[in-house]
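Input: a single structure, listed below in structure tokens.
Any read-out appearing in this document is the output of simple, stated calculations on the displayed coordinates, not a laboratory observation. Just so it is clear, the model here is predicted, and its values are computed rather than measured. So basically every Cβ, Gly included, is an ideal-geometry build from the backbone, and we count neighbours across all protein chains shown.
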Amino acid sequence: MELLKRLCEAHGVPGREEAVRALVLSELEQLCDEIRTDALGNVIAFKRGSGHGPKVMLAAHMDEIGFLVSHVDEKSGFVRIDPVGGFDPRVLMAQRVVVHTESGDLLGIIGSKPPHILSEEERKKPVEFKDLFIDLGLPADEVKKRVRIGDFVTLQQDFAEIGHLVSCKALDDRVGVYVMIEAVRRAKKHVCDIYAVATTQEEVGVRGARVSSFNIAPDIGVALDVTVASDVPGVGEHEHVTKLGAGVAIKIKDSLSISNPKLVRAMRQIAEHKNIKYQMEILPRGGTDAGAIQLTREGVATITLSIPTRYLHSVVEAAHKDDIHAAIDLLAAFLESAHEVDYSL
Ligand code: CO
Ligand code: ZN
């Protein structure tokens, strides 16, 4: 879990994944035959198979939701931000942030009015993104000198193990990157060619997956990403989507893709055969890199393996260790048997 901690605590919003990329490169380099990056910053690691198997593309995204500096107040030095990816404004109040400037990182606070001076009306109003500002604790002159429009901002949060869970910011999708790396490490004998891709700009519309998939022209695409686990108080069982601790989720459908039904069946059979805990997933809203891979060239057979995660798109995203291990087990087993899988429709 040491690698997962380092991945989660690294910072990188869509288009600014460089710190995460450096980490991923150093890990995948040791495991693969060839490795390169492309114009959008995707890391493409190739591991040759032992025979004439299909080309299998794995995809897990490196970017995390965050912000870009959009304005610095002339007089006060308070910083305004523009979102890259969808944070819920309710979870942003009272957080610490990091403003990544050319001359180094600055710690900041997302401030707000204290309850003491809120009017009755203000108290009832939901938090809106436009009301948020960052306090850097510095005079306006100094802020203007150090912070530029376009500098990126991420939330500050330490990785923690809580009971059987791991919790951090950016578990979406560093846990997917972790699962991909560990499964490639685990898969010993594989006939298929493996392209392990750590993608960029997923949170703003699966952009990195689109171009890397065009280049690779895979036969099979497997995205690794988090999914909703709303198995919490106040939510009916029919709305849980997935449950923590109930195993890796085999995705049937989300709003960007419908998984190849034969790949769904193959994943389920492998899980049953190897005694890997799994659950089936239908996600009403949201998508993964599989949505872009599926529509590449003349179409690609795709599926997503999901890691059930509570409190998505907040700084306390939480996943169960057993589910993470189940995802690694299932992906590694799939890679070892992908050459036997019929995915033709
Ligand atoms: Co996300
Ligand atoms: Zn994601």
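In the chain, the DSSP-assigned H stretches of four residues or longer account for a calculated mean residue ellipticity at 222 nm of -8000 deg cm²/dmol, using -39500 (n - 2.57) per stretch and the full residue count as denominator. Calculated on the Cα set of the stretch 162-237, radius of gyration then Dmax: 15.7, 47 Å. In a Gaussian network model over the chain where Cα atoms closer than 10 Å are linked, find which of Thr154, Thr304, Thr199 has the largest mean-square fluctuation. Greatest mean-square fluctuation among the candidates belongs to Thr154. Across Asp289, Asp193, Asp141, mean-square fluctuation computed from a Gaussian network of the chain (C-alpha pairs under 10 Å connected) peaks at Asp141.
For the stretch 27-43, the Karplus equation 6.51 cos²θ - 1.76 cosθ + 1.60, evaluated at θ = phi - 60°, returns couplings of 7, 6, 3, 6, 9, 10, 7, 9, 8, 7, 10, 10, 5, 8, x, 5, 9 Hz by residue, with Gly and Pro reported as x. Measuring nothing but alpha carbons in the chain and taking Rh as the Kirkwood radius, the Rg to Rh ratio lands at 1.00. Of the GluC sites (Glu not before Pro) found in the stretch 280-343, those in coil by DSSP whose Cβ has at most 10 other Cβ atoms within 10 Å are Glu298. Other residues with beta-carbon under 10 Å from the beta-carbon of Asp342 carry, at +1 per Lys or Arg and -1 per Asp or Glu, a net charge of +1. Dipole orientation for the stretch 125-206: of the candidates Tyr195, Ile134, Gly205, Tyr195 has the Cα lying most toward the positive pole (charges on Cβ; Lys, Arg +1; Asp, Glu -1). Sparsely packed loop sites in the stretch 135-175 (the trypsin sites (Lys or Arg not before Pro) outside DSSP H, G, I, E and B with at most 14 other Cβ atoms within 10 Å) comprise Arg148. Could you tell me what % of all Cα pairs in the stretch 1-155 have separations over 28 Å? Pairs farther apart than 28 Å: 37 percent. Sparsely packed loop sites in the stretch 1-101 (the trypsin sites (Lys or Arg not before Pro) outside DSSP H, G, I, E and B with at most 15 other Cβ atoms within 10 Å) comprise Arg48, Lys75. Applying a 4.7 Å Cβ-Cβ cutoff to the chain leaves Cys32, Cys192 as cysteine residues with no disulfide-compatible partner.
Counted over the chain, the DSSP beta bridges are approximately 65% antiparallel.
Compute the helix-to-body angle for 207-216: its Cα long axis versus the longest principal axis of the chain, expressed 0 to 90° and rounded to tens. Tilt of helix 207-216: around 30 degrees. Per residue, the convex hull spanned by the alpha carbons of the stretch 76-155 comes to 97 Å³. Each part reduced to its alpha carbon centroid, the stretch 112-149 and the stretch 212-235 end up 35 Å apart. Could you pull out the pairs from Lys55/Lys277; Lys253/Lys277; Lys124/Lys243; Lys130/Lys253 whose alpha carbons sit more than 30 Å apart here? Check vs 30 Å cut-off fails for Lys124/Lys243; Lys130/Lys253. On the basis of the beta-carbon distance and an R0 of 51 Å, Asp38 and Asn275 show a calculated FRET efficiency of 0.85. Of the residues Ala10, Leu25, Leu283, the one whose Cα sits farthest towards the positive end of the charge dipole of the chain is Leu283 (charges of +1 on Lys and Arg Cβ, -1 on Asp and Glu Cβ, taken about the Cα centre). Cα-based radius of gyration for the stretch 223-341, normalised by 2.2 N^0.38 Å, reads 1.03.
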